[in-house]
1. Within the range 42-67, which residues are part of a helix (DSSP H, G or I) and farther than 17 Å from Phe29 by Cα?
2. Against the definition (surrounded by 10 or more Cβ atoms within 10 Å (Cβ to Cβ) and either among the polar types (S, T, N, Q) or modelled with pLDDT under 85 (or both)), how does Leu3 come out, yes or no?
3. If you take the residues of the range 58-90 that are among the charged types (D, E, K, R) and open to solvent by 90 Å² or more (accessible area, probe 1.4 Å), which of them is farthest from Leu39 (Cα to Cα)?
Amino acid sequence: MSLQAGEFIRRFMIHVLPDGFHRIRYYGFLGNCHRARKLELCRELLRMAPAAPAEPPAVYRDRYEALTGSALHQCPHCRTGMMVVIGCIARPGICQSIPDTS
């Protein structure tokens, strides 16, 4: 599909708001500012049970093991030993400049 330049600009400008206007993406009871309070009110008006408190976030190693069945602390080759971090290699603090070859 091809458009003339004038038609393309007309269609593009349909999506541009006039000066002084702001696009509102989220509003109503799902608006970020009062979401928790208003969802609680909605549940109360609908006579729903209160929302269960959120579980504390799991350690990523435990979550990975629950999802994949393989543990991150096991050796990836023999699956019997325990991997232990014995050191970390730090990256250099200053990047070396690239020589000018021109």
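The values are calculated or read from the model by the stated rules, or taken from the named source; none is laboratory data. What you see is a predicted model; the values in this text were computed from it and never measured. Please note: Cβ atoms are built from the backbone with ideal geometry, for glycine as well, and neighbour counts cover all protein chains shown. Please note that ligands, DNA and RNA were not included when accessible areas were found on the heavy atoms of the full protein model with its side chains. Shrake-Rupley method; radii C 1.70, N 1.55, O 1.52, S 1.80 Å.
1. Start the filter on the range 42-67 by keeping residues that are part of a helix (DSSP H, G or I), which leaves 42-45, 60-67.
Across the range 42-67, the qualifying residues are Tyr60, Arg61, Asp62, Arg63, Tyr64, Glu65, Ala66, Leu67.
2. Values: surrounded by 10 or more Cβ atoms within 10 Å (Cβ to Cβ): yes; either among the polar types (S, T, N, Q) or modelled with pLDDT under 85 (or both): no.
Criteria not met by Leu3.
3. Applying the first criterion (among the charged types (D, E, K, R)) to the range 58-90 yields 61-63, 65, 79.
Now restrict to residues that are open to solvent by 90 Å² or more (accessible area, probe 1.4 Å): 61-63, 79.
Working: Arg61: 33, Asp62: 31, Arg63: 29, Arg79: 47 Å.
Applying the filter and picking the extreme gives Arg79.
A quick yes/no check of all residues on (1) in contact with a Pro (Cβ under 9 Å, 6 or more places away or on another chain); (2) open to solvent by 100 Å² or more (accessible area, probe 1.4 Å); (3) within 30 Å of His73 (Cβ to Cβ):
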{"site": "Phe8", "(1), (2), (3)": "no, yes, no"}
{"site": "Asp19", "(1), (2), (3)": "no, yes, no"}
{"site": "Arg23", "(1), (2), (3)": "no, yes, no"}
{"site": "His34", "(1), (2), (3)": "no, no, no"}
{"site": "Glu40", "(1), (2), (3)": "yes, yes, no"}
{"site": "Pro56", "(1), (2), (3)": "no, yes, yes"}
